[in-house]
Amino acid sequence: MASYLIVILVGVVTLIAAVEAVIPTAFNRHLLGMQQMMGSMHGLEEMSSDLFTNFRDAVTEALLFSTTAALVSALIVSFFVSRRVVTPIRQMMEASRRIAAGRYQERVEAVGTDELGQLARSFNQMASTLEQTEAMRRDLIANVAHELRTPLASIKGYMEGMIDGVLPAEPDTYQQIYQEADRLQRLVNDLQELSRVEAGAFKLECHPLAISDLIQRIAAHLRPQFEEKSVSLNLNLPANLPPVLADNDRISQVLLNLAGNALQYTPSGGTVTVSAAVQQPELIISISDSGIGIPGMHLPHLFNRFYRVDKSRSRAGGGSGIGLTIAKHLIEAHDGHIWAESAGEGKGSTFSFALPLA
Ligand SMILES: Nc1ncnc2c1ncn2[C@@H]1O[C@H](COP(=O)(O)OP(=O)(O)OP(=O)(O)O)[C@@H](O)[C@H]1O
Ligand SMILES: [Mg+2]
């Protein structure tokens, strides 16, 4: 409104100045012609000054009228324009205040494709990201609490049993307690690693890496565990594989993780095969097993943290559902991707990841 008033004021002042400066001379010039036409009639001088006064009053009246009209329209226009601009901004201000107070489901109405509409859409996007993050945070705390509760309850149960004399204080009992404590420690280590990779708080030292050598080293390291469970470990590595651009330690971690899962979820007598193949511009590494397989409905969620196909089964095996989440973060940090395939329960599974070639 103030800006409109300034414009109107400047307009009116300019007009008045122009009228004052231009009109007397112009008027006289035009009247001169009339005087010459009419000859030197008596009283013409007086009449012309009268005419000029009237003319000037008429101009002032017209100016006054148009100024009023301009003011009224400025009032109306500024009312609508400011309502159009201010209302959504005020809405966003109030919504952001509510979001800051923890009401993350807050959204604003987004209409039109102009800047305000875009701002409203970005605002809503930000709000939904915040809502998701908040939900994830809540889930995480709930999951961690849940994971910690089981081993702690076991340890406490054993201790109580011994205090009450129900459980004998002998190596077997200590061994059970030790295993639970060990599971707790593994869980805490995994959580720490998870928070590190999720925050991206690790340094990748990518160099051209000969993946065949790495897979062979890992296989040699894991062979005793496979033999102990009577699961055969096969490698299917074509000669002369081109190097990939990757961090040796991180890819080892992923391979250990996937091969560890394959061993864990494959019963005795089964096979696990690690293979690699070039699929320009990437190298695909797959770990296939003949194990228990994964029903299709679980496949999309396997890489979510704490996700397990069968909660009770994995719990007994010590898994907490963090391994694949860590692997996914590590592979994605390499600009690669990781996925799981399975023909269904009892039909084995294949976990693959792709890395960019060096
Ligand atoms: N090779 C596999 N065959 C069948 N199921 C698998 C296989 N690998 C993973 N899974 C399923 O995916 C789930 C998640 O695997 P992930 O490695 O993330 O967790 P975990 O093995 O349960 O625990 P940990 O965090 O100790 O690795 C497992 O609980 C299991 O149900
Ligand atoms: Mg695992």
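Here, each number is a calculation from the coordinates, and none is a lab measurement. Note that the coordinates shown come from a computational prediction; the quantities given were computed from them, not determined experimentally. Reconstructed Cβ throughout: ideal geometry from the backbone, glycine too, with neighbour counts over all protein chains shown.
Placing unit charges on each Cβ (+1 for Lys and Arg, -1 for Asp and Glu) gives the chain a dipole about its Cα centre, and among 320, 191, 334 the Cα reaching farthest toward its positive end belongs to 320. With R₀ set to 30 Å, the beta-carbon distance separating residue 30 from residue 69 gives a calculated FRET efficiency near 0.60. The charge dipole of the chain, taken about the Cα centre with unit charges on the Cβ atoms of Lys, Arg (+1) and Asp, Glu (-1), comes to about 480 debye, rounded to the nearest 20. Which of the three applies to the range 278-355, rounded, prolate or oblate, going by the alpha-carbon gyration tensor with a ≥ b ≥ c and a/c under 1.5 meaning rounded? The shape class here is oblate. Taking label positions 7 Å along the Cα-Cβ direction at both residue 59 and residue 100, the computed distance is 5.6 nm, reported to one decimal. Placing +1 on each Lys and Arg Cβ and -1 on each Asp and Glu Cβ, with no other charges, gives the range 207-356 a dipole about its Cα centre of roughly 480 debye.
Label positions at residue 153 and residue 132, each projected 7 Å from the Cα along the C-beta direction, are separated by 3.3 nm. Cross-link partners of residue 347 among aspartates and glutamates, defined as those whose alpha carbon lies under 12 angstrom from its own and excluding same-chain residues fewer than eight positions apart: 289. With the Kirkwood sum run over all distinct C-alpha pairs, the chain has a hydrodynamic radius of 28.4 Å.
Sort 162, 93 so that the residue with the fewest other Cβ atoms within 10 Å of its own Cβ comes first and the one with the most comes last.
Details: 162 16, 93 12.
Lowest count first: 93, 162.
In terms of overall dimensions, the range 210-301 has a Cα radius of gyration and Dmax of 13.7, 38 angstrom.
Projecting the Cα positions of 150, 100, 111 onto the charge dipole of the range 96-182 (unit charges on Cβ atoms of Lys, Arg, Asp and Glu, taken about the Cα centre) puts 111 furthest along the positive direction.
Karplus-based coupling profile of the range 30-36, in residue order and whole Hz: 5, 5, 4, x, 5, 4, 5, with θ = phi - 60° in 6.51 cos²θ - 1.76 cosθ + 1.60 and x standing for Gly or Pro.
Ranked by how many other Cβ atoms sit within 10 Å of their own Cβ, fewest first, the residues 351, 303, 65 fall in the order 65, 303, 351. The residue among 8, 303, 212 whose Cα reaches farthest toward the positive pole of the charge dipole of the chain, with charges on the beta-carbon of Lys, Arg, Asp and Glu, is 303. For the range 115-198, the Kirkwood hydrodynamic radius from C-alpha pairs, put into Stokes-Einstein at 10 °C and a viscosity of 1.306 mPa s, yields a diffusion coefficient of 98 µm² per second. Please work out whether the range 168-241 counts as rounded, prolate or oblate from its C-alpha gyration tensor, where a ≥ b ≥ c are the square roots of the eigenvalues and a/c under 1.5 means rounded, while otherwise a/b larger than b/c means prolate and anything else oblate? Oblate, because a/c is 1.5 or more while a/b does not exceed b/c.
Placing +1 on the Cβ of every Lys and Arg and -1 on the Cβ of every Asp and Glu, with no other charges, gives the range 78-200 a dipole of roughly 1000 debye about its Cα centre.
Sorting 186-195, 107-116 by average packing, meaning the other beta carbons within 10 Å per residue, from highest down gives 186-195, 107-116.
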